[in-house]
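Notes for the one structure printed next.
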Amino acid sequence: MEVAPGIHRIESDLGTRLMCQFLLVGDERTVLLDTGLSVTPSAVIVPYLASMECRPDGLDVILISHADVDHCGGNKALREMAPRAVFVCHELDRRWIESNRLMLSENYSWQEKYGFGPSDEAKEWILTELGGDAPIEIGLLDGATIRLGPTWSVEVMHFPGHTLGHIGVWDPRSRTALVVDAVLERGAYDRAGELLVPPRYYDVNGYRETIKRVRDLRPDLLLTAHNPPFDAEGARGFLDRSMKFVETLDQIVVEGLSSGISGLKDMTDFADMRLGHYPEFATELAASVRAHLALHTPGQ
Ligand SMILES: [Zn+2]
């Protein structure tokens, strides 16, 4: 549905959670932000476009917010349906977005060298939903603008943390921040409101800066991939809770270190237990724990 002038939020299911892609429709240009899982283009995006009397070959730019299976898994399928579209992501996430094999080993199963990681079943699901390799045309850094029409441009912003190359979009016209997964609060909830998946970030300081940067934008509308839209007040609360989580996890890691817990697996288990246990993708918490450990055990 259209949530701000020209900005459409396309919602579908990700297991028991929700997930969204976004469509920016201007007089001159149409931009899709994210492609979902492997089947999302045919099952969700194309029908949505059809409801607006648009077709995928009318897409001009396909922006990929970051390297994760539920955000770029539809790239190969959409590339075939939208041959005219230019695919764009941040340079730092490009390797993973372009290669399913690198994404699986470096983003999802790097924990294996510490003696844990996702199950074989989870890895198989990820590989299927990554949908096959597809190239990216343009790798961005920070601060690009995209002209959508004669009086409407949006800004692509670098929001690192969740991945090092996460990008979002700022629309100054409606004061909408499309942050996707760049800010994660306490994690991802299912539709019934149960906390399922931990916040994963690779860089604590980058993630903190991202939260501050979004807060400084003072958005009237904040759009994420896995939550309902937030108005100005809702956005402030969401951003504050996100920052609070970072401080809480930092304290847990410090406490773990001082009580002699060593090793990434034990520290991740300790943090998961202290945070109340995440039933899905708990291994993802290891990245955030590792990032906090790096702050307190420099040189290791
Ligand atoms: Zn996501």
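The values are calculated or read from the model by the stated rules, or taken from the named source; none is laboratory data. Quick caveat, the model's predicted, so the values are computed rather than measured. For neighbour counting, all protein chains shown are included, and Cβ atoms are generated from backbone atoms with ideal geometry for every residue, glycine included.
A few notes on this one:
- Residue satisfying all of: in region 58-91; of a type in the set (D, E, K, R) and within 12 Å of the ligand (Cβ to nearest atom); surrounded by the fewest Cβ atoms within 10 Å (Cβ to Cβ) among these: D70
- Just one of (1) among the hydrophobic types (A, V, I, L, M, F, W, C); (2) surrounded by fewer than 22 Cβ atoms within 10 Å (Cβ to Cβ); (3) out of contact with any Leu (no Cβ under 8 Å at 6 or more places or on another chain) fails for V25. It is (3).
- Boolean, L18 is within 17 Å of P135 (Cα to Cα) and either within 16 Å of the ligand (Cβ to nearest atom) or surrounded by 22 or more Cβ atoms within 10 Å (Cβ to Cβ) (or both): no
- If you go through region 184-205 and pick out every residue that is out of contact with any helix residue (DSSP H, G or I) (no Cβ under 9 Å at 6 or more places or on another chain) and away from the ligand (no atom under 16 Å from the Cβ), you end up with 3.
- Residue in region 148-170 that is within 18 Å of K244 (Cβ to Cβ) and away from the ligand (no atom under 16 Å from the Cβ) present: no
- The strands (runs of 3 or more DSSP E) falling completely within region 134-251 that include 3 or more residues that are under 15 Å from the mean Cα position of the chain (by Cα) map to 152-158, 167-171, 176-180, 221-224.
- For region 79-123, the set of residues classified as in a helix (DSSP H, G or I), within 24 Å of I45 (Cβ to Cβ) and either small (G, A, S) or over 19 Å from the mean Cα position of the chain (by Cα) (or both) consists of R79, E80, M81, listed by residue number.
- Close contacts from region 168-189, counting a first residue that is among the charged types (D, E, K, R) and a second that is part of a loop (DSSP other than H, G, I, E, B), with Cβ to Cβ under 6 Å and a gap of 6+ residues or different chains, come to R175/P219; R175/D220; D181/H162; D181/A225.
- So E185, is it closer than 24 Å to A67 by Cβ, modelled with pLDDT of 95 or more, surrounded by 20 or more Cβ atoms within 10 Å (Cβ to Cβ) and of a type in the set (D, E): yes
- Any hit, region 206-221, residues being within 16 Å of the ligand (Cβ to nearest atom) and over 30 Å from V156 (Cα atoms): no
- Listed conditions (1) within 24 Å of the chain's Cα centre (by Cα); (2) of a type outside the set (G, A, S); (3) more than 21 Å from G117 (Cα to Cα); (4) part of a loop (DSSP other than H, G, I, E, B) are all met by L295, apart from (4).
- Identity of the residue in region 256-284, crowded, with 16+ Cβ neighbours inside 10 Å and of a type in the set (S, T, N, Q), that ends up nearest to R200 (Cα to Cα): T283
- Residue list for region 90-123, restricted to those being touching a Ser or Thr at 6+ places or on another chain (Cβ under 8 Å) and within 21 Å of L32 (Cα to Cα): L92, D93, W96
- Residue, surrounded by the fewest Cβ atoms within 10 Å (Cβ to Cβ), within region 142-170, restricted to residues that are of a type in the set (S, T, Y) and within 22 Å of I97 (Cα to Cα): T145
- Selection count where residues are closer than 19 Å to F87 by Cα, surrounded by fewer than 18 Cβ atoms within 10 Å (Cβ to Cβ) and not hydroxyl-bearing (S, T, Y), scope region 35-45: 1
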